[in-house]
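This report concerns only the one structure given below.
The values are calculated or read from the model by the stated rules, or taken from the named source; none is laboratory data. Small disclaimer: the values here were computed from a predicted structure and weren't measured. We place every Cβ from the backbone using ideal geometry, glycine too, and count neighbours over all the protein chains shown. Please note that ligands, DNA and RNA were not included when accessible areas were found on the heavy atoms of the full protein model with its side chains. Shrake-Rupley method; radii C 1.70, N 1.55, O 1.52, S 1.80 Å.
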Amino acid sequence: MEVRLKNVRIAFPALDKPVSFGNEGEPAYQAKFIIEPGSAEVKLLDDAILATAKEKWKDKADGVMEMLKEDKKLCFVHGPYKNKKSGEVYAGFEGKFSLSTRSPKTQPTVFDQFNREVKDPSEIKRLIYSGCFVHAKVDIWAQDNSYGRRINANIAGVMFAKEGEAFGGSAPATGDDFADLKADEDEALA
């Protein structure tokens with residue numbers, strides 16, 4: 001089930017090439033999203049997850065959902081994203097909810113704030129960094145196979161929305177940061 005998220009913060013984006021993050025399996029394109037409790041996105045995600053479960057498991061959906069919540073097998077958690085080894089909450093997730101997304105095969109499409117597609121890997125990394133705000137399209141789906149039952153989310157694409165305080169470092173430099181150091185174009189042409 002397709003869900004569009006608006007003005008959410010992104011963390012741990014791997015949109016330019018597949019990576020393996022922690023113990024989360026084979027390399028994949030992926031990102032975590034910070035969801036504000038009480039926001040419209042919470043209802044969108046909860047509704048999509050429930051509808052996906054009901055479509056997959058029909059009249060057993062309520063029982064399956066209860067087990068998935070207990071076993072932490074849901075892509076959307078009503079709580080912060082934590083380091084699995086230390087139990088510490090990652091920066092930016094304090095008091096927030098978290099959505100984990102992956103796309104093992106298909107690279108998510110990335111757009112700048114003007115809806116222009118960005119394909120250059122270095123430009124993707126510069127534009128979409130941990131802590132910036134994005135709009136995102138994710139696909140919620142149910143897994144029920146030899147690897148177990150889960151409700152997952154694939155990341156289909158993101159659009160840069162606005163700057164945000166970067167996690168674990170500073171935001172990327174912009175042209176304004178170097179405006180006073182630029183060469184005089186008239187002198188350079190002479």
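As a summary of the residue check, Ile124 satisfies the conditions (1) over 23 Å from Phe167 (Cβ atoms); (2) in contact (Cβ under 8 Å) with a residue 60 or more places away in the chain; (3) part of a helix (DSSP H, G or I) except for the one numbered (1). Just give me the residues in region 79-100 being in a loop (DSSP other than H, G, I, E, B) and without any contact (Cβ under 8 Å) to a residue 12 or more places away in the chain, in sequence order. Scanning region 79-100 gives Asn83, Lys85, Ser86, Gly87, Glu88.
Lys73 meets the conditions (1) without any contact (Cβ under 8 Å) to a residue 40 or more places away in the chain; (2) over 15 Å from the mean Cα position of the chain (by Cα); (3) surrounded by 14 or more Cβ atoms within 10 Å (Cβ to Cβ) in every case but one. The failed one is (1). Every residue in region 138-168 that is under 15 Å from Leu74 (Cα atoms), touching a residue at least 24 places away in the same chain (Cβ under 8 Å) and of a type outside the set (A, V, I, L, M), please. If the condition is that a residue be under 15 Å from Leu74 (Cα atoms), touching a residue at least 24 places away in the same chain (Cβ under 8 Å) and of a type outside the set (A, V, I, L, M), then Asp139, Trp141, Asp144, Gly148, Arg149, Arg150, Asn152, Asn154 are the ones that fit. Of a type outside the set (Asp, Glu), part of a helix (DSSP H, G or I), farther than 23 Å from Ala14 by Cα and open to solvent by 20 Å² or more (accessible area, probe 1.4 Å): does that describe Leu68? Considered against the rule, which asks whether it is of a type outside the set (Asp, Glu), part of a helix (DSSP H, G or I), farther than 23 Å from Ala14 by Cα and open to solvent by 20 Å² or more (accessible area, probe 1.4 Å), Leu68 comes out as no.
Scanning region 78-106 for residues that are open to solvent by 20 Å² or more (accessible area, probe 1.4 Å), under 20 Å from Tyr29 (Cα atoms) and either touching a Ser or Thr at 6+ places or on another chain (Cβ under 6 Å) or among the small types (Gly, Ala, Ser) (or both) turns up Tyr81, Ser100.
Can you name the residue in region 1-55 that is in a loop (DSSP other than H, G, I, E, B) and more than 29 Å from Ser122 (Cβ to Cβ) and, of all such residues, is least open to solvent (accessible area, probe 1.4 Å)? Walk me through how you get there before you give the answer.
The first filter runs over region 1-55 and keeps only residues in a loop (DSSP other than H, G, I, E, B), leaving 1, 20-27, 36-39.
Add one more test, that the residue is more than 29 Å from Ser122 (Cβ to Cβ), and what stays is 1, 36-39.
Working: Met1: 103, Glu36: 95, Pro37: 51, Gly38: 81, Ser39: 30 Å².
Checked region 1-55; the qualifying residue least open to solvent (accessible area, probe 1.4 Å) is Ser39.
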